[in-house]
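Please read the structure below before turning to the comments.
The values are calculated or read from the model by the stated rules, or taken from the named source; none is laboratory data. If you're wondering where the values come from, they're calculated on a predicted model, not measured in any experiment. In this analysis, Cβ positions are derived from the backbone assuming ideal geometry, glycine residues included, and neighbour counts consider all displayed protein chains.
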Amino acid sequence: MTNVRLALATEAASADRANEDFVGAIPNGVVVLDGAGYPPDLQTGCHHSVAWYTRTLGTSLLGALGTEDGSLTDALAQSIKAVASLHSSTCDLAHPGSPSATVVALRRTNTALEWLVLSDSVLVLDVDAAAEPIVITDERLDDVAADLRTHLTYHPSPSKAHGKERHRFQEALLQHRNKEDGYWVASTDPLAAEHALTGTVPIHSVRAAALLSDGASRLVDLCQLATRRQLMDILAADDPDELINQVRKAERTDPDGSRWPRSKAHDDATAAYWRF
Ligand SMILES: [Zn+2]
């Protein structure tokens with residue numbers, strides 16, 4: 001195995017809140033998770049925090065990747081099951097508001113780079129065969145959300161009206177979570193792993209890969225302040241920290257979301273950059 005050249009950065013949305021993203025790496029793999037929970041003033045069957053969930057699932061998944069047995073889908077299914085077993089006796093795991101997470105995972109073998117993407121975090125692959133970096137993201141959550149938003153008017157954040165609307169929206173969204181024809185996230189049902197997008201790329205053809213939570217990919221997809229190529233250039237020339245700096249700088253120019261409508265002014269932001 002050659003040297004691993006991997007850079008990681010993660011930053012909470014604000015200093016007074018836990019970072020619900022997770023990033024971690026082992027010599028042959030890296031994972032990024034972005035946690036989601038129930039609105040804090042509503043009842044859920046789980047007394048664990050979202051940060052606990054992403055941390056616990058992320059470390060379990062890294063362990064499963066390290067064994068190199070079976071597929072990434074298997075590794076994720078095992079990890080979801082393992083985490084569920086840690087709180088099945090104390091929490092009601094059937095509650096739709098149990099903590100959940102998006103997952104992006106990469107594993108390098110001698111011949112291939114294997115990838116897995118579940119829900120709306122972003123994988124960017126820079127490969128020899130394509131002029132532009134390839135973006136892989138699971139759009140099912142966005143599709144469901146877009147349908148629901150047709151019934152809701154947008155309130156720029158942060159305002160009380162927006163908070164209420166957001167609760168209604170989140171509750172409506174939860175009705176479609178981990179359902180056929182809905183969207184899939186890692187939570188308490190290992191079956192979600194089967195619905196992840198997966199693929200492999202010959203290892204000799206990969207130049208670099210980036211794993212981003214949607215709080216970090218904003219610079220490209222929401223704000224459109226950088227192309228995919230510029231994104232990879234920022235990561236290569238500077239580091240993932242600089243990408244997050246640029247996201248925060250952009251967000252500060254638009255605190256009320258009038259230029260870039262978004263559910264949160266700032267979001268936890270995580271980026272991992274792996275150069276091959
Ligand atoms: Zn729990």
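Below, the figures for the structure above:
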{"quantity": "One residue from T73, T56 being among the hydroxyl-bearing types (S, T, Y) and either in a loop (DSSP other than H, G, I, E, B) or within 13 Å of the ligand (Cβ to nearest atom) (or both)", "calculated": "T56"}
{"quantity": "Leading residue by the ranking (nearest to the chain's Cα centre (by Cα)) among those in the range 87-118 that are within 16 Å of the ligand (Cβ to nearest atom) and within 26 Å of N28 (Cα to Cα)", "calculated": "A101"}
{"quantity": "Candidates V206, V185, V247, V220, filtered to the one that is more than 21 Å from the chain's Cα centre (by Cα) and modelled with pLDDT of 90 or more", "calculated": "V206"}
{"quantity": "Residue match in the range 60-79 (condition: under 29 Å from D238 (Cβ atoms) and of a type outside the set (A, V, I, L, M))", "calculated": "no"}
{"quantity": "Boolean, V127 is more than 17 Å from the chain's Cα centre (by Cα) and not charged (D, E, K, R)", "calculated": "yes"}
{"quantity": "Residue, nearest to the ligand (Cβ to nearest atom), within the range 26-40, restricted to residues that are touching a residue at least 60 places away in the same chain (Cβ under 8 Å) and more than 15 Å from the chain's Cα centre (by Cα)", "calculated": "Y38"}
{"quantity": "Checking S49 against (1) of a type in the set (G, A, S); (2) over 21 Å from V30 (Cβ atoms); (3) more than 13 Å from the ligand (Cβ to nearest atom), the condition it does not meet", "calculated": "(3)"}
{"quantity": "Every residue from the range 222-276 that is surrounded by 16 or more Cβ atoms within 10 Å (Cβ to Cβ) and small (G, A, S)", "calculated": "A226, A250, G257, A265, A269, A271, A272"}
{"quantity": "L8 within 16 Å of the ligand (Cβ to nearest atom) and either within 17 Å of the chain's Cα centre (by Cα) or under 29 Å from S263 (Cβ atoms) (or both)", "calculated": "no"}
{"quantity": "Some residue of the range 132-149 being modelled with pLDDT under 95 and in contact with a Ser or Thr (Cβ under 6 Å, 6 or more places away or on another chain)", "calculated": "yes"}
{"quantity": "Any helices (runs of 4 or more DSSP H) falling wholly within the range 188-276 and containing at least 2 residues that are among the small types (G, A, S)", "calculated": "214-221, 228-237"}
{"quantity": "Filter result (crowded, with 19+ Cβ neighbours inside 10 Å, among the aromatic types (F, W, Y) and not in a loop (DSSP other than H, G, I, E, B)) within the range 16-53", "calculated": "F22, Y53"}
{"quantity": "Some residue of the range 119-130 being touching a Gly at 6+ places or on another chain (Cβ under 8 Å), more than 16 Å from the ligand (Cβ to nearest atom) and part of a strand (DSSP E or B)", "calculated": "no"}
{"quantity": "Verdict on E139 being without any contact (Cβ under 8 Å) to a residue 24 or more places away in the chain, at negative phi and more than 16 Å from the ligand (Cβ to nearest atom)", "calculated": "yes"}
{"quantity": "Members of the range 66-87 found to be more than 19 Å from H195 (Cβ to Cβ) and in contact (Cβ under 8 Å) with a residue 40 or more places away in the chain, listed by number", "calculated": "G66, E68, H87"}
